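We did not get these values from a lab; they are worked out from the coordinates using the rules stated. If you're wondering where the values come from, they're calculated on a predicted model, not measured in any experiment. Here the Cβ positions follow ideal geometry from the backbone for every residue, glycine too, while neighbour counts run over all protein chains shown.
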Amino acid sequence: MNILVCISSVPDTTSKISFSDSDTKFVSAGITYIIGPYDDYALARAVELKESSGTGNITVLHVGEIDSEPVIRKALAIGADVAVRVNSTAKDGFFVAAQIAAYAKDKKFDLILMGRESIDYNSGLVHGLVGELLSIRSISPVMKLTIDGNQATLDREIEGGKETIQADLPLVLGCQEPISEWKIPSMRGIMSARTKPLTVIEPVQYSSGLSFEKYEMPAARTGCKMISDSNVGELVSLLKSEAKVI
Amino acid sequence: MSVLVFLESVDSNIKKSALEALVYGRNIAGATGGKLLAIAVGEGVDLSLAGVYGAEKIFHITDSRFTQADEQAFAEAIADAANSNGVKNVVFAKSSLTDSITPKLASMLQATAATNVVSLPDYSKGCEVKRSIFTGKAFEIVNINSEKKVFSVKKNAVELSEAPAAGVVEKFSPNLSNKAFSIKTISTEKTTGEVLLSDAEIVVSAGRGLKGPENWGMIIDLAKTLGAATGCSKPVSDLNWRPHHEHVGQTGIKVSPNLYFAIGISGAIQHVAGISSSKVIVAINKDADAPIFKVATYGIVGDAFDIVPKLTAAIKAIQ
């Protein structure tokens with residue numbers, strides 16, 4: 001099986017977010033970058049699928065600048081065989097989808113996996129757009145995935161529950177937990193990742209219909225009003241008469 | 001220059017978030033001088049509120065195959081309605097279903113989509129909208145430059161207000177390709193009769209402070225008393241104390257209720273990211289230094305096993 005896993009490089013989930021230059025630049029100083037958590041689940045499942053079938057090839061693709069190579073190497077250490085970096089800032093979901101589709105169109109991948117969304121810009125569009133650009137069925141958010149021959153059986157989240165569905169390969173899937181557990185690279189994986197191929201390709205032309213203007217921080221929440229644990233009734237009257245939410 | 005709004009329904013009623021999307025669409029129609037159209041799916045869905053909130057016409061699909069949440073079929077149907085009615089703007093209320101329809105539709109219409117939108121467009125500078133990014137930790141302002149636009153709107157982006165219009169319901173049989181309904185549904189597990197977490201006005205969430213799944217009875221009691229949905233923190237769903245679809249946070253469901261209860265939840269930054277657009281947050285925790293109190297509106301330091309039953313009783317007393 002030939003699997004493409006698309007990964008984003010995003011600030012660690014514990015990161016404090018701040019901006020500079022009149023709220024037009026993201027402050028990356030002091031930020032630790034990780035594989036997008038949802039993408040990391042997709043990668044882990046790809047590695048399991050390859051291990052259980054005993055054959056196959058996993059390509060990991062990332063759209064980003066050279067400073068995201070440590071994140072790509074980590075994906076190789078977890079178990080991807082080869083990596084491709086599209087040498088450009090990931091401008092927005094439409095731009096990223098165009099890059100993925102341009103790379104994948106003649107590669108005959110059976111599965112194209114990625115997270116349901118990136119946790120930085122949260123567009124959640126990329127899997128659906130890639131599917132349309134390649135005329136391949138896309139499904140999201142996928143919580144469980146098994147492959148039998150040419151057929152995938154998967155669970156996906158729906159409003160208030162989940163459904164189990166079957167679809168034929170090839171597929172583009174947006175993934176989330178509990179499709180797999182995040183994998184920690186082994187020492188052997190880390191050593192072998194150093195010599196696995198990481199190819200850099202230039203982006204294809206794409207002019208997006210979105211233009212960035214500026215960032216904004218949410219209004220800070222004002223101080224918490226503390227209520228004694230012996231006076232629960234006061235909380236109820238505040239919720240009713242002050243906050244007017246019950 | 002018409003505007004088309006997708007009306008998702010639950011238990012034969014239009015979801016409140018979809019009515020908000022309709023009000024959002026009404027504002028676009030007002031600003032750009034177009035008609036407000038809507039599209040809804042499902043036999044027996046009560047569409048009367050669509051007219052109350054300003055829809056001139058509702059395209060109603062009654063094809064029973066649409067009970068399957070097949071985003072391909074939904075996207076093709078909405079694209080068909082949009083293309084045959086000169087629609088330039090499509091509005092969705094963000095949900096599990098519309099999240100997968102949005103990119104497909106944008107691609108089919110060659111439109112640009114802005115997701116996680118929290119404000120009405122500002123047409124004084126093109127078409128500027130504010131999006132929630134970094135999972136609720138920040139916003140960005142973007143300009144949508146394309147002729148056709150798709151908006152996926154977060155809950156509470158607009159206040160609901162009535163503006164009665166004709167609300168004519170017209171049966172609609174969309175043209176579908178052979179890709180629609182090409183996936184096979186094996187089984188569906190859906191909670192029924194419970195408030196949907198993503199759509200709830202009040203959410204009662206609990207965390208590891210509850211010590212075990214057997215202690216959730218009092219949380220469910222409080223939620224039932226308030227007509228609220230129940231949620232939980234990531235450790236709780238990871239431990240399988242509660243189902244995954246209740247996980248609230250950065251990598252789970254993001255909620256924007258009027259009232260959010262965090263009970264026995266310390267308030268890790270990842271959890272706070274998922275609740276930051278709640279209007280009022282109540283924290284109950286035995287640790288006075290728990291970070292949840294930094295974002296809460298009201299807080300009680302104490303034992304949840306003592307406080308929660310008293311709280312439920314006090315609410316019942318005023319109902």
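List of remarks:
- Vicinal HN-Hα couplings computed from phi for the stretch B:107-116 (Karplus, 6.51 cos²θ - 1.76 cosθ + 1.60; Hz; Gly/Pro x): 5, 4, 8, 6, 9, 9, 9, 10, 10, 6
- Distance between the stretch B:269-312 and the stretch A:32-82 - C-alpha centres, whole angstrom: 37 Å
- Under-5 Å amide H pairs with A:Ser138, H placed in peptide plane, nonlocal only: A:Val172
- Antiparallel DSSP beta bridges within chain B, as percent of all bridges there, nearest 5: 15 percent
- Computed [θ] at 222 nm, helices only, for chain B once each DSSP H run of length n ≥ 4 contributes -39500 (n - 2.57): -8500 deg cm²/dmol
- In this label model, B:Lys279 and A:Thr24 are separated by 3.7 nm, measuring between points 7 Å along each Cα→Cβ vector.
- For chain A, calculated [θ]222 nm from helices alone, where every DSSP H run of n ≥ 4 adds -39500 (n - 2.57): -7500 deg cm²/dmol
- The stretch A:72-88 residues near the modelled A:Arg188 label - backbone nitrogen below 15 Å, point 7 Å along Cα→Cβ: A:77-80
- The string of couplings for the stretch B:139-146 from the Karplus curve (6.51, -1.76, 1.60, θ = phi - 60°) is 10, 10, 9, 10, 10, 9, 9, 6 Hz, one whole number per residue in order, with x for Gly and Pro.
- Residues in the stretch A:124-153 reached by a label modelled at A:Thr164 [backbone nitrogen below 17 Å; 7 Å Cα→Cβ]: A:142-149, A:151-153
- Expressed as a fraction of 2.2 N^0.38 Å, the value expected for a compact globular protein of N residues, the C-alpha radius of gyration of chain B is 1.05.
- Residue of A:Thr222, A:Thr195, A:Thr32 that the Gaussian network model of chain A assigns the largest fluctuation, springs spanning Cα pairs under 10 Å: A:Thr222
- Residues A:Glu234, A:Glu132, sorted so that the one with the fewest Cβ neighbours within 10 Å comes first: A:Glu234, A:Glu132
- Cβ-based charge dipole, the stretch B:2-171, positive-most Cα from B:Asn116, B:Leu47, B:Ser100: B:Asn116
- Charge tally in the Cβ shell below 10 Å around B:Asp99, where Lys, Arg are +1 and Asp, Glu are -1, B:Asp99 excluded: -1
- In this structure, A:Glu216 and B:Glu162 have a Cβ-Cβ separation that, at R0 = 35 Å, corresponds to a calculated FRET efficiency of about 0.70.
- Relative contact order for chain A, counting Cα pairs under 8 Å that sit 6 or more residues apart, in percent: 23 percent
- Among beta bridges that DSSP assigns inside the protein assembly as shown, antiparallel share in %, nearest 5: 35 percent
- Distance between the 7 Å Cα→Cβ label points at A:Lys107 and B:Ser64: 4.4 nm.
- Summing charges over neighbours of B:Gln110, with a neighbour being any other residue whose Cβ is under 13 Å away from its Cβ, gives +2 when K and R count +1 and D and E count -1.
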